[in-house]
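Okay, so here's the structure we're looking at.
The values are calculated or read from the model by the stated rules, or taken from the named source; none is laboratory data. All values reported here derive from a predicted model rather than from experimental measurement. Cβ atoms come from the backbone with ideal geometry, glycine included; neighbour counts cover every protein chain shown.
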Amino acid sequence: MSDRVQPPFDGVVYQIYPRSFRDTDGDGVGDLEGIRRHLDHLAWLGVDAVWLSPIYRSPMADFGYDVADHTDVDPLFGTLEDADRLIAEAHERGLQVWLDFVPNHTSDQHPWFQASRSSRDDPKRSWYVWRDPAPDGGPPNNWMAHFPPDRPAWTYDEPTGQYYLHQFLPQQPDVDWDEPELAAAMHDVLRFWLERGVDGFRADVVHLIGRDPDYPDDPEHLLPAGRAGYHDHPRTLEHLRGIRAVMEAHGGLMVGEVNLPDPSRVAAHVGPEALHLGFYFGLIGAPWDAAAWREVIGDADAAFLAQGAWPTWVLGNHDSPRPRTRFGGSEARARSAAVVLLTLRGVPFVYAGDELGLEDAEVPDDRVVDPGGRDGCRAPLPWVPDEGHGWAGEPWLPFAPDAAARAVAVQRDDPSSVLHLHRRLLAHRRDSPALVRGDQGLLDLHPEVLAFHRTFAADERLVLCNLGDDDLEVDLPDPANDPGAPWTIAVASDGAGEGATFSGRLARDHAVVLAPGSGSR
């Protein structure tokens with residue numbers, strides 16, 4: 001088939017973990033007002049959409065992914081009126097607003113579950129997954145939860161004499177999408193927010209909503225820890241059709257967290273009657289090695305093209321160590337990885353704080369709060385170098401190392417900063433049809449270099465990233481549309497030489513975006 005797949009979204013999405021963005025009311029937790037006050041900064045940076053991790057009412061057992069009311073804002077973050085104002089003012093700046101949609105489970109404090117738990121005869125009993133004990137009185141099958149580790153994915157409810165399924169915390173009971181009334185209620189949640197102006201959603205672990213109705217045991221090789229997350233049943237696609245119909249009726253977009261290791265299985269959830277986009281996390285797990293990155297990118301390209309789909313790319317999020325931490329604290333590697341992220345074919349997602357080159361925070365034992373051990377990457381953003389870094393109250397987690405030097409205000413005043421590199425990359429991407437929607441070909445120019453060529457009509461770009469241990473020389477192909485022309489450095493990971501003709505020398509841990517044409521010498 002042709003490489004020319006039309007992206008359903010041609011911008012860059014910026015993920016905000018609201019608790020950690022900016023506190024304005026003094027409780028130490030970020031809020032919607034803090035996001036609203038920095039919309040101008042996000043517009044200056046050059047992103048196109050803002051995705052907010054959950055802002056709904058919640059007991060916060062899993063920091064908002066245990067939803068107790070899908071159609072209200074938790075007081076920690078503000079009010080529905082604050083959400084409306086944020087959406088309106090984001091739109092005034094040309095920014096889309098996407099929310100997190102949590103379709104697989106709710107809080108055990110949600111009125112739906114409270115009713116379901118009240119009696120076997122309650123009309124909402126079938127909205128959740130209830131099963132009789134096994135013959136020995138134990139859980140109905142051998143599924144294990146994601147976290148806490150080494151715990152069954154079932155909890156026994158003494159009053160009603162059955163187990164309920166929870167593939168995460170016991171406080172997060174799984175809903176049953178095979179129940180039409182539950183599916184309709186979830187569709188109404190989407191409509192509620194779409195009608196308030198929300199532009200799209202990120203669907204949390206959406207691949208889990210379709211399950212084998214017999215709930216068979218997992219094979220032994222998937223046990224003991226957390227393998228329930230790899231359940232992937234065709235019924236999911238049936239449920240996605242209904243979700244897609246709601247989105248199409250309102251002009252919204254849905255990207256799904258399909259946390260599966262095989263990109264072809266991720267891509268299978270994307271299509272005209274399924275998700276618009278599906279997250280693939282291959283780069284988050286890739287070592288700093290050119291062959292590994294080529295394999296991840298090549299496999300994803302092939303899988304998504306075969307499905308007629310457009311890939312997504314992420315280097316960081318609220319569940320994973322930050323790129324700079326994974327790369328041994330190297331800012332140079334984090335910069336080069338950002339160059340790759342923002343030039344690959346696909347929709348890039350930038351996690352708030354990665355554009356500052358933050359590392360994970362060092363969280364002392366007495367301040368650990370997350371049951372999944374993800375506190376480090378959720379450290380609050382520093383806005384100014386002063387003590388408190390612009391937060392109205394003592395933040396819920398410690399700041400990352402070097403917070404003063406990496407504060408937004410400091411980096412905005414420094415054209416050589418990581419922040420300005422992101423701004424240049426975003427501007428260059430926006431101005432290049434090849435980078436936004438062009439074809440892509442991986443090139444074998446040097447064993448230690450990740451190289452790929454992007455083309456769209458007369459526009460083309462060449463991207464090089466040295467993942468080796470030494471500086472090296474690269475022999476470049478001629479530009480396809482201008483044979484014999486030199487390549488000019490459009491963007492460099494360290495900012496050096498931009499606008500000059502590329503010599504062919506590529507420093508260790510360095511990346512460049514090249515455009516055809518004569519540059520300065």
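Assorted remarks:
- Set GLY282, GLY256, GLY242, GLY278: member being among the small types (Gly, Ala, Ser) and surrounded by fewer than 18 Cβ atoms within 10 Å (Cβ to Cβ): GLY242
- Check on ALA407, over 27 Å from PRO149 (Cβ atoms), of a type outside the set (Phe, Trp, Tyr), under 23 Å from the mean Cα position of the chain (by Cα) and surrounded by 15 or more Cβ atoms within 10 Å (Cβ to Cβ): yes
- Residue that is nearest to PHE63 (Cα to Cα), among those in region 368-382 that are surrounded by fewer than 17 Cβ atoms within 10 Å (Cβ to Cβ) and of a type in the set (A, V, I, L, M): VAL369
- Conditions (1) surrounded by fewer than 19 Cβ atoms within 10 Å (Cβ to Cβ); (2) touching a helix residue (DSSP H, G or I) at 6+ places or on another chain (Cβ under 9 Å): number failed by LEU32: (1)
- Residue identified as out of contact with any His (no Cβ under 8 Å at 6 or more places or on another chain), within 30 Å of LEU32 (Cα to Cα) and outside the structural domain of GLY499 (by TED's automatic domain parsing) among PRO382, PRO398: PRO398
- Residue in region 510-518 that is at pLDDT 95 or above and not in a strand (DSSP E or B) present: yes
- Matching residues in region 399-426 - criterion: being out of contact with any strand residue (DSSP E or B) (no Cβ under 9 Å at 6 or more places or on another chain) and closer than 30 Å to PRO8 by Cβ: VAL418, LEU419, HIS420, ARG423
- Criterion violated by GLN167 - all others in (1) buried (at least 21 other Cβ atoms within 10 Å of the Cβ); (2) under 21 Å from HIS207 (Cα atoms); (3) modelled with pLDDT of 95 or more satisfied: (3)
Yes or no, residue by residue, for (1) of a type in the set (A, V, I, L, M, F, W, C); (2) modelled with pLDDT of 95 or more; (3) not assigned by TED's automatic domain parsing to the domain that holds VAL97:
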| position | (1), (2), (3) |
| --- | --- |
| GLY242 | no, yes, no |
| MET247 | yes, yes, no |
| GLY251 | no, yes, no |
| MET254 | yes, yes, no |
| PRO261 | no, no, no |
| GLY271 | no, yes, no |
| LEU277 | yes, yes, no |
| TRP288 | yes, yes, no |
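- Of all residue pairs spaced 6 or more apart or on separate chains, those with beta-carbon atoms under 8 Å, a first member in region 80-107 that is at positive phi and a second member that is of a type in the set (A, V, I, L, M, F, W, C) are GLY94/ALA43.
- Test: residue in region 425-438 that is in contact with a Lys or Arg (Cβ under 6 Å, 6 or more places away or on another chain) and not in a loop (DSSP other than H, G, I, E, B): yes
- Of residues in region 430-457 being of a type outside the set (A, V, I, L, M) and farther than 23 Å from GLN6 by Cα, the one nearest to the chain's Cα centre (by Cα): GLU448
To keep it simple, each residue is scored yes or no on (1) modelled with pLDDT of 95 or more; (2) among the acidic types (Asp, Glu); (3) under 22 Å from PRO371 (Cβ atoms).
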residue	(1), (2), (3)
GLN15	yes, no, yes
ASP25	yes, yes, no
GLY28	yes, no, yes
ASP31	yes, yes, no
LEU42	yes, no, no
ARG57	yes, no, yes
ASP74	yes, yes, yes
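- Given (1) without any contact (Cβ under 8 Å) to a residue 40 or more places away in the chain; (2) under 19 Å from ASP494 (Cα atoms); (3) part of a loop (DSSP other than H, G, I, E, B); (4) not assigned by TED's automatic domain parsing to the domain that holds ASP354, number of the condition ASP414 does not satisfy: (4)
- The residue of region 264-290 that is nearest to CYS465 (Cα to Cα), among those that are in contact with a strand residue (DSSP E or B) (Cβ under 9 Å, 6 or more places away or on another chain) and part of a helix (DSSP H, G or I), is ALA290.
- Among the residues of region 448-495, the one identified as more than 22 Å from GLY328 (Cα to Cα), assigned to a loop (DSSP other than H, G, I, E, B) and touching a helix residue (DSSP H, G or I) at 6+ places or on another chain (Cβ under 8 Å) is ALA457.
Residue by residue, here is whether (1) closer than 19 Å to GLY252 by Cα; (2) in contact (Cβ under 8 Å) with a residue 40 or more places away in the chain; (3) polar (S, T, N, Q) holds:
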{"site": "ASP31", "(1), (2), (3)": "no, yes, no"}
{"site": "ASP48", "(1), (2), (3)": "yes, yes, no"}
{"site": "PRO54", "(1), (2), (3)": "yes, yes, no"}
{"site": "ARG57", "(1), (2), (3)": "no, no, no"}
{"site": "ASP62", "(1), (2), (3)": "no, yes, no"}
{"site": "ASP74", "(1), (2), (3)": "no, no, no"}
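- So SER493, is it touching a Ser or Thr at 6+ places or on another chain (Cβ under 6 Å) and within 28 Å of LEU39 (Cβ to Cβ): yes
- Among the residues of this structure, ASP82 does not count as one that is among the acidic types (Asp, Glu), over 30 Å from ARG437 (Cβ atoms) and in a loop (DSSP other than H, G, I, E, B).
- If only residues of region 385-401 that are in contact (Cβ under 8 Å) with a residue 24 or more places away in the chain and surrounded by fewer than 15 Cβ atoms within 10 Å (Cβ to Cβ) are counted, the one that is nearest to GLU359 (Cα to Cα) is GLU394.
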